[in-house]
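Following: one structure in structure tokens, then a few remarks.
Values in this text are rule-based calculations from the coordinates and carry no lab data. Keep in mind that this is a model prediction, so the values were computed, not measured. Cβ placement follows ideal geometry from the backbone for every residue including glycine, while neighbour counts extend to all protein chains displayed.
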Amino acid sequence: MDSKKFCFITCVNDERWYSECRLYLENLIVPDGFSTEFIPIRNAKSMTSGYNSAMQKSNAKYKIYLHQDTLVVNKNLLIDLLDIFSDESIGLIGIIGCVSLPESGIWWDGLRQFGRVLHACEPESVVDTKMNQPDGKIQIVDVVDGLFMAAQIDLPWREDLFDDFHFYDVSQCLEMKRRGFKIAIPNQDEEFWCMHCPKEKSLSPKYKIYKRRFQIEYAGEFQPEV
């Protein structure tokens, strides 16, 4: 593994959005001695298969998995990631999630939600989704949202279970925890890291199928707060 390399991995089905995403990434401050690479995955059958194929192509120690409609506005992102990843017990960093995952498997059902992201779902409408912020530099959580996930550990995504575009992110978080790694969310009290520009769409009928798969696979690993 190249410990001085960052790889940005994105599943792409909209070239216009990916071009915008890439523009922000190419303007990040790159620490001295480090390099970056970009791996877009087109025509992926699932998020897990796309991420697995990209992970195998790159020798970068630091891999950032992000949606094509996620715009990274924190120009110091790479420096901030290195600072947090200096703790080798942290395997994954996200920007929004929850401390204790409820049995629903849905992070926003959790009682203690942390993080921040700007949502731009409609033209000229931006919502600052600001949850609790860490007292210090980071907050350790159970899971983070898949719009942005940075890892310093190569861990296969559960393509065997989640062969679509649902529950891949919370699954990856719990797989990290199974191997003893922590998941962290940075303090974004003063400045947010990312803007997310998703299109509103109806929930896929397959969602409940993958939700049930998730609940069966990770039964006994939930620690819901009451």
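Spin-label model, Glu200/Ala120: points 7 Å from Cα along the beta carbon direction are separated by 1.8 nm.
From Cα pairs below 8 angstrom and at least 6 apart in sequence, can you work out the relative contact order of the chain, rounded to a whole percent? Working shown, then result.
Working: 477 pairs, mean separation 57.6, N = 226.
For the chain, the relative contact order is 25 percent.
How large is log10 of I(q)/I(0) for the chain at q = 0.09, 0.15, 0.17 Å⁻¹ when the intensity is taken from the Debye formula with one equal scatterer per alpha-carbon? Once normalised to I(0) and log-transformed, intensities are -0.33, -1.02, -1.38.
Suppose the Debye formula is applied to equal point scatterers at every Cα of segment 144-223; what is log10 I(q)/I(0) at q = 0.18, 0.21, 0.24 Å⁻¹? One equal scatterer on each Cα of segment 144-223 leads to -0.92, -1.14, -1.28.
At R0 = 25 Å, how high is the FRET efficiency between Asp2 and Glu26 if r is their beta carbon distance? Nearest 0.05 is fine. Mind showing how you got there, number by number?
On the way: r = 19 Å, r/R0 = 0.77.
Working from the Cβ atoms, E equals 0.85.
Between Lys130 and Asp189, the modelled labels are 1.1 nm apart [label points 7 Å from Cα along Cα→Cβ].
Binning the C-alpha pair distances of segment 23-101 at 5 Å intervals from 0 yields a P(r) profile of 3, 11, 21, 23, 23, 13, 5, 0 %, listed from the shortest bin outward.
So which lysines can Lys206 reach, going by Cα to Cα under 23 Å and dropping same-chain residues fewer than 8 places off? Straight-distance partners of Lys206: Lys45. Taking the Cα centre of the chain as origin and assigning +1 to Lys and Arg Cβ atoms and -1 to Asp and Glu Cβ atoms, the resulting dipole is close to 620 debye. Listed by chain and number, the lysines whose alpha-carbon sits under 27 Å from that of Lys4, ignoring those within fewer than 8 places in the same chain, are Lys57, Lys61, Lys63, Lys75, Lys137, Lys177, Lys182.
Efficiency by 1/(1 + (r/R0)^6): what FRET value for Lys211 and Glu88, r their Cβ-Cβ distance, R0 = 35 Å, to the nearest 0.05? FRET efficiency, Lys211 to Glu88: 0.60. In the elastic network of the chain, a GNM with C-alpha springs shorter than 10 Å, the most mobile of Ser202, Ser100, Ser89 is Ser202.
In the chain, helices alone account for a calculated mean residue ellipticity at 222 nm of -7000 deg cm²/dmol, with every DSSP H run of four or more residues adding -39,500 (n - 2.57).
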